Amino acid sequence: MASSHTVLMRLVASAYSIAQKAGTIVRRVIAEGDLGIVEKTCATDLQTKADRLVQMSICSSLARKFPKLTIIGEEDLPPEDVDQELIEDGQWEEILKQPCPSQYSAIKEEDLVVWVDPLDGTKEYTEGLLDNVTVLIGIAYEGKAIAGVINQPYYNYQAGPAAVLGRTIWGVLGLGAFGFQLKEVPAGKHIITTTRSHNSQLVTDCVAAMNPDDVLRVGGAGNKIIQLIEGKASAYVFASPGCKKWDTCAPEVILHAVGGKLTDIHGNALQYNKEVKHMNSAGVLATLRNYDYYASRVPESVKNVLVP
């Protein structure tokens with residue numbers, strides 16, 4: 001019975017199933033051929049039909065099952081009735097078999113904040129760079145990101161027409177992260193992953209100060225963290241105020257659950273309580289290993305501009 005499981009594990013199990021549903025919606029919108037693109041604030045800040053439908057699906061599905069949750073989604077959508085076909089009521093049974101870390105076993109529904117990015121990497125989605133796209137559901141308690149789910153709708157999409165598309169990664173602090181194979185960049189290699197579409201002099205200066213062997217410019221915060229945990233990059237450097245709490249909450253959990261570290265550019269932990277400002281105004285610095293190497297190389301000139 002559901003009542004025998006903790007609130008947190010039931011929520012993560014639901015978020016997993018909901019994220020998988022979201023992935024199918026993302027793929028369906030492209031298959032139907034009408035992305036329904038609108039500009040939000042500028043030509044690089046886009047919203048598609050998939051963003052809208054997925055946010056409605058995630059937020060409505062969670063709210064029905066966990067009515068006391070605080071849910072904060074990226075898209076500013078008018079209230080409307082949600083089509084029943086967007087609702088996902090399932091729970092991933094494999095997650096319910098896992099033990100809840102003892103420090104979270106007594107958490108109440110009303111104490112949790114869920115940060116939702118329905119389509120991380122929207123610009124890349126509109127340009128056909130489908131491996132950059134993720135769906136992010138992050139769960140925070142007392143201002144700290146403690147559980148998260150990342151769906152990659154187009155994982156494996158270049159493997160041919162018979163390939164099974166998509167995968168879902170999930171994690172809980174104190175339990176671990178699952179759904180991928182952890183790898184590391186070879187020792188001594190410094191490969192930086194950074195923004196593809198929001199470059200600036202600050203970003204360029206900060207990346208250059210890391211003395212990288214290579215720089216990967218890709219879309220999506222979720223995608224960049226996956227690059228870290230799969231050994232494609234050694235640091236995610238974003239010296240800019242462009243990214244938001246819904247971009248980092250779920251990915252941070254996955255990274256921290258396997259021993260990595262994500263902070264702002266000053267080394268401060270990000271806060272995820274419901275009253276916090278949505279913008280990560282002091283940027284992002286994340287690594288799987290050797291965090292101190294990269295943190296020590298952030299130029300003072302960059303720190304002076306990016307005020308927490």
Self-check item: Glu39 accessible area, 1.4 Å probe, all protein chains in place, Å² to nearest 10
Solution: 120
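With charges set only on the Cβ (+1 for Lys and Arg, -1 for Asp and Glu), what does the dipole of segment 260-308 come to about its Cα centre, in debye to the nearest 20?
Dipole about the Cα centre, nearest 20: 100 debye.
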Quiz item: When the gyration tensor of segment 88-170 is built from Cα positions, what are the square roots of 5 times its three eigenvalues, in whole Å, from largest to smallest?
Solution: 30, 17, 9
Self-check item: Pairwise centroid distance, computed over Cα atoms, of segment 205-272 with segment 63-130, Å
Solution: 22
Practice problem: Using DSSP, restrict attention to beta bridges with both residues in segment 1-142 and report what percent are antiparallel, rounded to the nearest 5. | Solution: 70
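Determine the gain in length on full extension of the stretch Ala159-Ala31; use 0.36 nm per residue of separation and subtract their C-alpha separation, reporting nm with one decimal.
Stretched out fully, the Ala159 to Ala31 stretch lengthens by 44.3 nm.
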Quiz item: Using a 1.4 Å probe, how large is the accessible area of Arg196, given in Å² and rounded to the nearest 10?
Solution: 90
Quiz item: When the convex hull of the Cα atoms of segment 126-194 is projected onto a plane and the area is averaged over all directions, what value comes out in nm²?
Solution: 7.2
Quiz item: Do any GluC sites (Glu not before Pro) in segment 64-94 lie in a DSSP loop with no more than 12 other beta carbon atoms within 10 Å, and if so, which?
Solution: Glu80
Quiz item: Looking at Pro241, Ala19, Ile229, which one has the Cα that reaches farthest to the positive end of the dipole of the chain (charges on Cβ: Lys, Arg +1; Asp, Glu -1)?
Solution: Ile229
Quiz item: By per-residue mean of other Cβ atoms within 10 Å, what is the highest-first order of 117-127, 153-163?
Solution: 117-127, 153-163
Exercise. Name the long-range amide H neighbours of Thr193: under 5 Å, sequence gap of 5 or more, or other chain; modelled H, no Pro or chain starts.
Key: Leu216, Ser234, Ala235, Tyr236, Val237
Exercise. Please get the size of the charge dipole for the chain, origin at its Cα centre, with Cβ charges of +1 on Lys and Arg and -1 on Asp and Glu, quoted in debye to the nearest 20.
Key: 660
Quiz item: What percentage of the solvent-accessible surface of the chain, computed with a 1.4 Å probe over protein heavy atoms, is contributed by carbon and sulfur atoms?
Solution: 49
Quiz prompt | Computed helical MRE - 222 nm, the chain, DSSP H runs ≥ 4 contributing -39500 (n - 2.57), nearest 500 | solution = -9000 deg cm²/dmol
Quiz item: Quick one: Karplus J couplings for segment 147-156, per residue in order, coefficients 6.51, -1.76, 1.60, θ = phi - 60°, nearest Hz, x for Gly and Pro?
Solution: 8, x, 10, 10, 9, 10, x, 10, 4, 6
Quiz prompt | ³J(HN,Hα) computed for each position of segment 176-183 - Karplus, 6.51 cos²θ - 1.76 cosθ + 1.60, integer Hz, glycine/proline x | solution = x, 10, 9, x, 7, 9, 5, 9
Practice problem: Please work out whether segment 180-247 counts as rounded, prolate or oblate from its C-alpha gyration tensor, where a ≥ b ≥ c are the square roots of the eigenvalues and a/c under 1.5 means rounded, while otherwise a/b larger than b/c means prolate and anything else oblate? | Solution: oblate
Self-check item: Val298, Val305, Val164, reordered so the largest accessible area comes first (probe 1.4 Å)
Solution: Val164, Val305, Val298
Quiz item: If you roll a 1.4 Å probe over the heavy atoms of the protein chains, what accessible area per residue do you get for the chain, in Å²?
Solution: 42
Quiz item: Cα extents of the chain along the three principal axes, largest first, in whole Å?
Solution: 52, 47, 40
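Kindly state, as a whole number, the per residue volume in cubic angstrom of the convex hull around the alpha carbon atoms of segment 170-308.
On the way: hull volume 13.6 nm³, N = 139.
That works out to 98 Å³ per residue.
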Quiz prompt | Globularity index of segment 2-58, i.e. its alpha-carbon radius of gyration over 2.2 N^0.38 Å | solution = 1.48
Quiz prompt | Cβ-placed point charges (K, R +1; D, E -1), dipole of segment 59-153 about Cα centre in debye, nearest 20 | solution = 560
Exercise. Step through the residues of segment 197-212 one at a time and calculate ³J(HN,Hα) from phi using the Karplus curve (6.51 cos²θ - 1.76 cosθ + 1.60, θ = phi - 60°), rounding each to whole Hz and writing x for Gly and Pro.
Key: 10, 10, 6, 7, 5, 4, 4, 4, 5, 5, 5, 4, 5, 7, 6, x
Self-check item: Solvent-accessible surface ranking, highest first, for Asp83, Asp247 at 1.4 angstrom
Solution: Asp83, Asp247
Quiz item: If you bin every alpha carbon distance in segment 45-142 into 10 Å steps from zero, what whole percent lands in each bin?
Solution: 13, 40, 32, 13, 1
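The values are calculated or read from the model by the stated rules, or taken from the named source; none is laboratory data. What you are looking at is a predicted structure, and each value in this text was computed from that prediction instead of being measured. Cβ atoms come from the backbone with ideal geometry, glycine included; neighbour counts cover every protein chain shown. Protein only, heavy atoms only, side chains kept; ligands, DNA and RNA dropped before computing areas. Shrake-Rupley method; radii C 1.70, N 1.55, O 1.52, S 1.80 Å.
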